[in-house]
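Rule-based calculations on the coordinates, nothing more; no lab input. What you see is a predicted model; the values in this text were computed from it and never measured. Cβ atoms come from the backbone with ideal geometry, glycine included; neighbour counts cover every protein chain shown.
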Amino acid sequence: MSSITPFDGFGLGLRRTHYADFLEGEVPVDFIEVISENFMVEGGNPLRVLTQVREKMPVILHGVSMSIGSAHGLDEDYLRRLKALADRIEPLWVSDHLCWTRTSAHNSHDLLPLPYTEEALEVVCANIMNAQDTLGRAMLFENPSSYLAFPEDEMREWEFIAEMARRTGCYLLLDVNNIYVSAHNHGFDAREYLRALPHDRVRQIHLAGHTDGPIKIDTHDQPVCDGVWQLYDEAMELVGPVATMIERDDGIPPLPELLAELGQARELAASARGRIAA
Amino acid sequence: MTLAAQQAEFMAHVLDEDRALPAGWTARHAAGFDIYRNNYRSSLVEAMRSTYERTAGYVGEDAFRQAAAHHLIGNPPNSWTLDRVGDGFPGTARELFTGDPEVAELAWLEAAMHEAFVAADTVPLDAQGFAAATSGFAEDDWSAIALRLTPGTMLHPVSHDIPALWQAIGADEDAQPLRLDAPGYLLVWREGLKPVFRLIDETEGLALSAMLGGAGYGEMCAMLVDRIGEEAAIAQAGALLGRWLHDGVIASINPPAATE
């Protein structure tokens with residue numbers, strides 16, 4: 001499987017409210033990320049927009065429906081459509097989440113949690129190998145945020161992820177907010193998690209906001225909080241220069257607000273780089 | 001328990017709010033699980049709300065959300081795409097809003113407009129292209145040709161002036177259902193990148209319906225003759241063809257099979 005070269009840049013998610021900004025103007029980002037499924041269609045305006053944006057800048061395809069942890073394997077129709085889109089757009093890379101979304105009968109359209117067991121690891125790895133073979137490229141998988149842990153767990157999440165990357169050659173999309181949310185929800189140390197990951201496999205970082213409560217919820221509808229910025233600062237020192245993105249899916253503010261958050265990420269990344277050099 | 005069994009059980013709990021949680025799960029598990037249940041319900045209702053925006057505006061938010069939740073219980077999604085989550089909702093609306101049959105017709109139009117929006121791209125045949133494609137036809141060839149309609153072209157019988165309802169809801173005006181004097185059809189297709197529709201009479205609807213069902217041009221003409229008589233049918237067939245070419249709903253002509 002081909003390797004993925006690190007891409008040192010800062011980007012945003014392409015959301016419908018900002019289509020005109022990206023098509024008609026020059027938005028100061030190094031890449032954009034799109035939800036793959038929104039463009040896995042036969043034709044029409046969505047594909048036209050994506051094709052035009054792709055002419056201006058690199059694109060990352062980020063999926064939510066691969067269901068890589070599904071015990072029933074992958075949906076072959078889904079894989080065929082994703083491959084067609086990837087072949088057409090030639091993205092920096094294709095990513096999805098470490099989760100499952102469907103059984104053979106139903107699809108929840110939600111990122112459901114996996115038990116961290118040897119059996120689940122084998123299922124996930126077999127599915128990743130299938131996906132990577134079909135797409136003809138290595139993929140990135142994102143660490144999830146979760147709201148419950150299973151009594152059957154045999155290993156910690158970071159151990160599961162490290163072993164998944166080792167067995168399959170896949171890369172990692174590190175969602176710092178998800179670590180922050182899950183650390184709170186399950187009572188582990190976010191920094192221990194960060195330090196235990198295979199840093200050389202990380203190719204992208206997601207930054208997002210969440211909703212506070214007794215159980216924190218990964219809602220992507222708020223600015224990035226201070227605690228997540230602090231974790232990001234540490235992460236950038238550990239993983240080196242990789243792509244960073246602000247992920248906002250709800251309560252989407254005007255573009256300048258998101259660009260200001262991205263500016264904060266640029267400053268922290270530069271500071272981390274300075275510390276590494278020193 | 002295998003992973004497959006565990007996932008089947010987890011999904012069953014997501015879909016059925018009344019199902020008791022697995023033995024051994026604590027209050028903390030239940031609190032976490034409630035978030036997944038709530039995410040499932042709220043995100044899918046929101047997806048349907050996005051597809052059926054005008055229907056929701058017409059029946060009211062609360063009534064729509066109840067109808068959407070009812071639909072999801074009977075029709076849990078099984079496709080990877082959220083676009084398919086509201087499949088069959090016009091049928092559910094027909095059952096739930098029995099005294100307001102226009103609701104199901106409005107819902108059908110919204111679903112069709114969304115489908116046409118992402119249908120495969122094609123360049124429709126115009127009058128000039130049609131003339132060129134048929135220039136060598138002998139008289140007998142005409143009855144053997146079939147018209148292939150553009151991707152996303154859809155047709156549905158209606159008994160209400162749904163375009164008027166559509167416009168009133170979009171303009172935030174008082175929307176009142178107006179029953180048609182005679183049954184009609186809604187025709188949906190894509191004009192360039194934009195899905196569009198128009199209300200057509202029953203004769204045109206039956207003619208297009210025959211074409212969508214794979215009938216040849218000759219069969220369509222025979223249907224018109226039965227319905228309105230030979231002389232009127234000849235004029236009508238030509239007029240309909242001209243209109244469809246003008247609208248851009250004809251993708252290509254399947255020529256008559258070559259004869260030995």
- Note on the structure: Square roots of five times the C-alpha gyration tensor eigenvalues of chain B, ordered largest first and given in whole Å, equal 45, 23, 15
- Task: Calculate how large, on average over all directions, the projected area of the Cα convex hull of chain A is; give the answer in nm² to one decimal.
- Result: 14.2 nm²
- Message: If you take each beta carbon of peptide A:112-124 and count the beta carbons of other chains within 10 angstrom, what is the mean?
- Response: 3
- Message: If each DSSP helix of 4+ residues adds -39,500 (n - 2.57) and the sum is divided by the residues in the protein assembly as shown, what number results at 222 nm, nearest 500 deg cm²/dmol?
- Response: -15500 deg cm²/dmol
- Message: For chain B, what does the relative contact order come out to in percent, with C-alpha contacts under 8 Å and a separation of six or more?
- Response: 19 percent
- What value does region B:121-260 have for Rg/Rh, both radii from Cα atoms and Rh as Kirkwood defines it? 1.02
- Task: Using θ = phi - 60° and the Karplus relation 6.51 cos²θ - 1.76 cosθ + 1.60, list the HN-Hα couplings for region B:145-155 in order, rounded to whole Hz, with x at every Gly or Pro.
- Result: 6, 10, 9, 9, 7, 5, x, x, 6, 9, 9
- State the volume of the convex hull built on the alpha-carbon positions of region B:1-100, expressed per residue in Å³ and rounded to an integer. 111 Å³
- Per the protein assembly as shown, sqrt(5λ) over the Cα gyration tensor eigenvalues, sorted largest first, in Å, gives 49, 27, 22
- Checking B:Ala164, B:Ala207, B:Ala30 against a Gaussian network model of chain B (alpha-carbon springs below 10 Å), the top fluctuating residue turns out to be B:Ala30
- Message: Test of understanding: extend the Cα→C-beta vector of A:Glu257 to 7 Å, then name every residue of region A:196-227 with backbone N under 13 Å from that spot.
- Response: A:209, A:221-224
- Within a Gaussian network of chain A (alpha carbon springs, distance under 10 Å), most fluctuating of A:Glu152, A:Glu33, A:Glu122: A:Glu152
- Message: What distance in nm separates the two pseudo spin-label positions at B:Asn254 and A:Glu26, each 7 Å out from Cα along the beta-carbon direction?
- Response: 5.3 nm
- Note on the structure: For region B:214-253, shape from the Cα gyration tensor axes a ≥ b ≥ c, cut at a/c of 1.5 then a/b versus b/c, turns out oblate
- Show the residues, 5+ positions off or on another chain, whose built amide H is closer than 5 Å to the amide H of A:Ser146. A:Ser182
- Pairs of Cα atoms under 8 Å, at least six residues apart: use those to get the relative contact order of region A:1-157, whole percent. 23 percent
- Query: Tell me, what ³J(HN,Hα) does each residue in region A:181-193 have, in order and in whole Hz, if you take phi through Karplus 6.51 cos²θ - 1.76 cosθ + 1.60 with θ = phi - 60° and put x for Gly and Pro?
  - Reply: 5, 5, 4, 5, 5, 10, x, 9, 8, 4, 6, 4, 4
- Note on the structure: Projecting the Cα atoms of B:Ala171, B:Ala27, B:Tyr52 onto the charge dipole of chain B, where Lys and Arg contribute +1 and Asp and Glu -1 at Cβ, the residue farthest towards the positive end is B:Ala27
- Task: Could you tell me whether region A:180-278 comes out rounded, prolate or oblate from its Cα gyration tensor? Rule is a ≥ b ≥ c as square roots of the eigenvalues, rounded for a/c under 1.5, then prolate if a/b exceeds b/c, otherwise oblate.
- Result: oblate
- Query: In region B:17-97, what chymotrypsin sites (Phe, Trp or Tyr not before Pro) fall in a loop by DSSP, with at most 16 other Cβ atoms inside 10 Å?
  - Reply: B:Trp25
- Query: How well do other chains shield peptide A:135-147, expressed as the mean number of their Cβ atoms within 10 Å of each residue Cβ?
  - Reply: 1
- To the nearest 20 debye, what charge dipole does region A:10-277 have about its Cα centre, counting +1 at the Cβ of each Lys and Arg and -1 at the Cβ of each Asp and Glu? 700 debye
- By counting other Cβ atoms within 10 Å of each Cβ, how are A:Lys216, A:Lys56, B:Lys194 ranked from fewest to most? B:Lys194, A:Lys56, A:Lys216
- Phi-derived 3J(HN,Hα) across region A:18-35 with the Karplus relation (6.51, -1.76, 1.60, θ = phi - 60°), rounded Hz, x for Gly and Pro, is 10, 3, 5, 4, 6, 7, 9, x, 10, 8, x, 10, 8, 6, 10, 10, 10, 6
- Relative contact order [Cα under 8 Å, 6+ residues apart], chain A, whole percent: 18 percent
- Task: Summarise the partner chain shielding of B:7-16 as one whole number: the mean count of Cβ atoms from other chains within 10 Å of each residue's Cβ.
- Result: 5
- Note on the structure: In a Gaussian network model of chain A with springs linking alpha carbons closer than 10 Å, the residue among A:Ala131, A:Ala260, A:Ala105 that fluctuates most is A:Ala105
